[in-house]
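Peer 1: I am attaching a structure below and will ask some questions about it afterwards.
The values are calculated or read from the model by the stated rules, or taken from the named source; none is laboratory data. For clarity, every value in this text was computed on a predicted model and none was experimentally measured. All Cβ positions, glycine included, derive from the backbone under ideal geometry; neighbour counts span all protein chains shown.
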Amino acid sequence: MSGELWTIIVPVKALTHAKSRMGGTSPSPSALASAFLTDVLASVTASTSVREVVVATGDTDVSALARACGANVVDDTGHEGINTAVTAAAGHRGTSTAIAVVVSDLPRLTTSALDRALSAGEQHQTSFVADLAGTGTTIWLAESRAWMPPAFGVGSRERHRVAGSVDLVATLDADFAAAVLAARCDVDTPADLMHAGLPPLGQHTRALLDAGGSNPGA
């Protein structure tokens, strides 16, 4: 399937429930979640390997933001949990479409990191990019909707392995791991955001933090 264009699905929960472990921070968790999503959408919509970007959400504010960023929206109301939501969203696309699920809290994501992951994913029926902690998943890739659903959630790296998906970070060389580093840095806690030595934050997240007087180390 070399050279195939991908459908990217980005699942997003209601902003009122987003980034609960960032509670007590300034800016607010919902503002951070919006900035993270905007940076993710900026990176994925810029990719020439992407045919369509779909945001799966039941949140009207997220829907408006997604459309403003050039993404399509599928209402995932009634589909609880990330795996059910993205599978339902994929059902609106053709079965032959290559699909990648990208989490919405990757404020350091770059188009080049995404493209490297998509290129590697072309070689497998299903594959994934593990998060920096080594226990979760930030991107899950499938050659068609027929291989849904993924297995996001706590401990998803091992669940994806058990299900037969190829662990791209573990399988490929150090050059690949370095190339996709920006695609592995999900943010769940203030410590994740303050982590030094990682690729730079996206411009929307950076601008929000600067406006709020925050000073992350990266």
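Peer 1: Starting from residues that are part of a loop (DSSP other than H, G, I, E, B) and among the hydrophobic types (A, V, I, L, M, F, W, C), keep the ones in region 114-160 and report whichever is nearest to residue 172 (Cα to Cα).
Peer 2: Once the filter is applied, the top-ranked residue is 132.
Peer 1: Could you please find all residues in region 125-147 being buried (at least 18 other Cβ atoms within 10 Å of the Cβ), over 13 Å from residue 4 (Cα atoms) and either out of contact with any Leu (no Cβ under 7 Å at 6 or more places or on another chain) or among the aromatic types (Phe, Trp, Tyr) (or both)?
Peer 2: Result: 128, 130, 131, 136, 137, 139, 140, 145, 147.
Peer 1: If residue 184 meets every condition in (1) of a type outside the set (Asp, Glu); (2) surrounded by fewer than 16 Cβ atoms within 10 Å (Cβ to Cβ); (3) at pLDDT 85 or above apart from one, which number is that one?
Peer 2: (2)
Peer 1: So for region 173-188 (the condition being under 29 Å from residue 123 (Cα atoms), assigned to a loop (DSSP other than H, G, I, E, B) and more than 16 Å from the chain's Cα centre (by Cα)), does at least one residue qualify?
Peer 2: Within region 173-188, one or more residues are under 29 Å from residue 123 (Cα atoms), assigned to a loop (DSSP other than H, G, I, E, B) and more than 16 Å from the chain's Cα centre (by Cα).
Peer 1: Which of the following residues is surrounded by 23 or more Cβ atoms within 10 Å (Cβ to Cβ), among the small types (Gly, Ala, Ser) and within 25 Å of residue 33 (Cβ to Cβ): 68, 64, 117?
Peer 2: The conditions single out 117.
Peer 1: Residues 162, 154: which one is out of contact with any Leu (no Cβ under 8 Å at 6 or more places or on another chain), of a type in the set (Val, Ile, Thr), farther than 15 Å from residue 103 by Cβ and without any contact (Cβ under 8 Å) to a residue 24 or more places away in the chain?
Peer 2: Residue meeting the stated conditions: 162.
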